[in-house]
Amino acid sequence: MKFDSQSAFPYPVLRSDNDDYIGEEFSVLYEVSATNELVIINASFNLTCSGILEQIDNEYAIYGLLVTSNETFEQQFFESKESTAEFRMSSQLLRGRISIEPYIVVKKIIENYESLSINNEFGSGLFLFEPGEILAQGVPSSFSISRDFFKPLQSIVKINLKEGLVKGEWSIKLEQDHIIVDVSQHIHNTYTRAKNSKSGQNIMLNSIWFSVIVHAVEVLKKSSDIYGEYVWANVITAKINNLGVDLDSQDSYKIVTTLLNDPLLRLGDIF
Amino acid sequence: MVTLSYLKQEAVDTLRDGIEVNLEVYRSGNFEHLIESSVVTLNGDILIDEFLLNGMHCNGGERDIENSLLVSQGIEGLTPYLARDERIWTYLTHTILLNYTRERWPIPEDDTKAVSYISSHFFSKGIRGVMRTNSVARLWWAAHLSNKVEGLSLKDSLVALLYRQDIRGAIAERPTISRSSVIFSSVIRIMNDSYKTEERELFNRKVSRGSMKELNFIAGARLLQGMQEKEVFNIVKEVFDRNH
């Protein structure tokens, strides 16, 4: 079912932009939080119509949210008897724009339904509702799932040529979304040559990248509150969480060895 | 098992722009020298079993069901989120599954047709690319959807989904049906029952198209996703019964 304010139903449906019901409202407030593992939707349904509320109280109808990710062909329907509820789903099932459509759906046959708020145009008859038919439809909304998880750790680090640094000198800056590594002309030349071959990349991974990520993890251990809002911190934290590793329970070099998939093994083909 | 890799976006774009220049490589060469510096290994636990993937062949037919099972088993830990990324599928069709792709979708001799063919089957732009045209993505997504079917083995579900290309299109590419596991499950279970009969009546184009159309209409008026699985199954069954 797709939200369409122009859809005509042969029975009254409470919607924000029609007058099937007079003076009644169905709306939802959401709070969506997403990590690389889980999307949590906290929903608060607001329904004023006593006739529909009675159906929910008597378990003939439920509050529902239809969550759809077009890009991953994923759709889940969450239901609740309560007007406030928390719904959870795996982030890895979703991608791109995720739509949320709120409904009140009939669960058991409702016979002889009536409400004083129903527009007179529907006449004075009583209504019959079958399971799956809707009593109310809220305005849809959406949120997005970003591509951060997909990014390799190297993508959060930028190597920057810094004039004035002497031959073997380099330094790390963490106070922005990407980790900036300032390097001397000599190191930059080596890095540029190395990144053009597989073996060069693997040597860089085990030298500069490994050191940089260890430093970043070390800093996160000590002061995640200071750096927590930067993109690099979110990416590293999410990847650590995804591996089921507790940031505080292991030494930084061990965490990074796991994060980079045992990088020393990549040197086996070179030496 | 080795960790799954992907191609940098720049490399994907360069390959796509250079199809015509690389036609002979697509026909009989390999891409190692062209993509060597553009391969990135994914972090995490996504592994490929090269033995299983190397076992993908067509043997003169299509063998989509068998190869879908091999892709499903041979790529371990891939999530739907990642499986929508063209860089992964382009990497596979230009490396380990290059020969399979050539075998399944033989490149036409006419150069103009060949460019269009390669663009469709070696790359995977948009929903159509992953679901229908990319030689590997289409098999992975068929298995992913089929895995959602309750009460049937993956193979039985794939048989019902892939037995006829036009039926697959009618089911998998119709959002109302393919996105909802409860509706999709019901359709595949009913199709599977029909597959086991001698007549296989529900695979008749007219019957399947009529049923999907009616089902789409019903799902526009009732929220089937909010109903019990058994209730949805009965509705879907009645639709097929009416259409054959």
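The values are calculated or read from the model by the stated rules, or taken from the named source; none is laboratory data. Note that the coordinates shown come from a computational prediction; the quantities given were computed from them, not determined experimentally. Ideal geometry is used to build each Cβ from the backbone, glycine not excepted, and the neighbour counts take in all protein chains shown.
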Take residues that are more than 17 Å from the chain's Cα centre (by Cα) and tell me which of the helices (runs of 4 or more DSSP H) falling wholly in the range B:39-139 contain 2 or more. B:50-54, B:111-121
Here is a check on your reading of the model: is B:Y163 of a type outside the set (S, T, N, Q) and in contact with a helix residue (DSSP H, G or I) (Cβ under 8 Å, 6 or more places away or on another chain)? yes
Working carefully through the options B:R209, B:R189, B:R168, find the one that is part of a helix (DSSP H, G or I) and at pLDDT 95 or above. B:R189
Answer yes if at least one residue in the range B:198-213 is closer than 20 Å to A:L94 by Cβ and either buried (at least 24 other Cβ atoms within 10 Å of the Cβ) or among the basic types (K, R) (or both), and no otherwise. no
Could you count how many residues in the range B:60-110 are farther than 16 Å from B:V2 by Cβ and of a type in the set (V, I, T)? 6
From the set of residues in the range A:69-89 that are of a type in the set (A, V, I, L, M, F, W, C) and surrounded by fewer than 19 Cβ atoms within 10 Å (Cβ to Cβ), which is farthest from the other protein chains (Cβ to nearest Cβ)? A:A85
In this structure, does A:L66 turn out to be of a type in the set (A, V, I, L, M), away from every other protein chain (no Cβ under 14 Å) and on the phi < 0 side of the Ramachandran plot? no
Among the residues of the range A:96-135, how many are acidic (D, E), assigned to a strand (DSSP E or B) and loosely packed, with under 13 Cβ neighbours inside 10 Å? 1
Note: among B:S38, B:S28, B:S72, B:S68, just one is within 14 Å of chain A (Cβ to nearest Cβ) and small (G, A, S), namely B:S38
Pairs returned, first residue in the range A:247-271 that is more than 13 Å from chain B (Cβ to nearest Cβ) and free of Cβ contacts under 8 Å to residues at least 24 places away in the same chain, second residue that is of a type in the set (V, I, T) and part of a helix (DSSP H, G or I), beta-carbon separation under 9 angstrom, 6 or more apart or interchain, are A:Q250/A:T258
